[in-house]
Amino acid sequence: MDNAPIAVFDSGLGGISVLRELTGQLPREDFLYFGDSANAPYGPKTLEAVRTLTLAAAEKLFARGCKALVVACNTATSAAAALLRETWPARPVVGVEPALKPASVHRRVLVLATEMTLREEKFAKLLRDYGGSSDVSTIAAPGIVECVERGETAGPALEEYLNALLAPCRDNPPEAVVLGCTHFPFAKDAIAHALGQPVHFYDGAEGVARETRRRLAACGLLSGRPGPGHVELTNSREDKLETAWKLLQM
Ligand code: DGL
């Protein structure tokens, strides 16, 4: 048993979509969330830059006594998960990846993610393993990250961006959309609206929370606290905290 907090990290506010699921599945745990909004978005950066930022964030979170790290960012996971596990071999490190596996029961699948997630080897492997029986298309959607960072989960800027981005899909719409960036679940309704017809959505949050619980249990690190845990939100931009709390309550 270990009552230390679980660290949750993202390039900004997106990882809160994973934190919501974590607090639901692990209600007795404490969580320390760090969003690096000062450096967001990570998607268009170089691999080296994302690795450096992710390692620095993990260093800070482990220095605060966290017992495990959830990388609630698909981009940071593709860039740095292996490096994090090498650097902290004794700590459980759980990463999020595009939920292509459960989505692959559908014939036409659209994966929305960041440029880096779509370019890295982790996604190429997912495609090899689970993309075979579906017609999988991919679109990088950095504009959604920008809107969510501003706290806009609806409204004209997001609508206009999505209408233009998804216009090529409207003739032959996907049956399923994989939300391969943790910012995107906050824009789910706007995405569905822009596609103009109902689709099945998949994101990695539920799987990550399940895997976190499994890893903590296996290491004997689940909290022994009888009552509910506590959530602390931190951000490299203080002015983002109000939006962060709003998103957590959505
Ligand atoms: N939320 C992140 C992800 O899951 C990245 C967004 C960004 O900073 O570009 O990929």
Please find, among Gly227, Gly207, Gly220, the residue that is assigned to a loop (DSSP other than H, G, I, E, B), closer than 26 Å to Ala4 by Cα and out of contact with any Lys or Arg (no Cβ under 8 Å at 6 or more places or on another chain).
-> Gly220
Can you name every residue in segment 15-37 that is touching a strand residue (DSSP E or B) at 6+ places or on another chain (Cβ under 8 Å) and either more than 19 Å from His230 (Cβ to Cβ) or away from the ligand (no atom under 16 Å from the Cβ) (or both)?
-> Ser17, Thr23, Leu26, Glu29, Asp30, Phe31, Leu32, Asp36, Ser37
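Can Arg85 be described as more than 18 Å from Arg119 (Cα to Cα) and free of Cβ contacts under 8 Å to residues at least 60 places away in the same chain?
Working: more than 18 Å from Arg119 (Cα to Cα): yes; free of Cβ contacts under 8 Å to residues at least 60 places away in the same chain: yes.
Judged against the criteria, Arg85 is a match.
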In segment 135-161, which residues are in contact (Cβ under 8 Å) with a residue 24 or more places away in the chain, in a helix (DSSP H, G or I) and within 16 Å of the ligand (Cβ to nearest atom)?
-> Pro142, Ile144, Val145, Glu146, Cys147, Val148, Glu149, Leu158
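Considering only strands (runs of 3 or more DSSP E) fully contained in segment 1-75, which possess at least 1 residues that are at pLDDT 95 or above and surrounded by fewer than 24 Cβ atoms within 10 Å (Cβ to Cβ)? First the steps, then the outcome.
Details: elements: 6-10, 31-35, 68-71.
Filter on segment 1-75 gives 31-35, 68-71.
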Filtered residues of segment 91-134 (kept if more than 14 Å from the ligand (Cβ to nearest atom), among the hydroxyl-bearing types (Ser, Thr, Tyr) and outside any helix (DSSP H, G or I)) | Ser104, Ser133, Ser134
Got at least one residue in segment 165-187 being within 16 Å of the ligand (Cβ to nearest atom) and free of Cβ contacts under 8 Å to residues at least 24 places away in the same chain?
-> no
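Looking at Gly180, Gly229, Gly207 in this structure, which one is crowded, with 16+ Cβ neighbours inside 10 Å, farther than 20 Å from Cys147 by Cα and in contact with a Ser or Thr (Cβ under 8 Å, 6 or more places away or on another chain)?
On the way: Gly180 fails: farther than 20 Å from Cys147 by Cα; Gly207 fails: in contact with a Ser or Thr (Cβ under 8 Å, 6 or more places away or on another chain).
Checking each option against the conditions leaves just Gly229.
The values are calculated or read from the model by the stated rules, or taken from the named source; none is laboratory data. Source: prediction; values computed, not measured. Cβ: placed from backbone, ideal geometry, glycine included. Neighbour counts: every protein chain shown.
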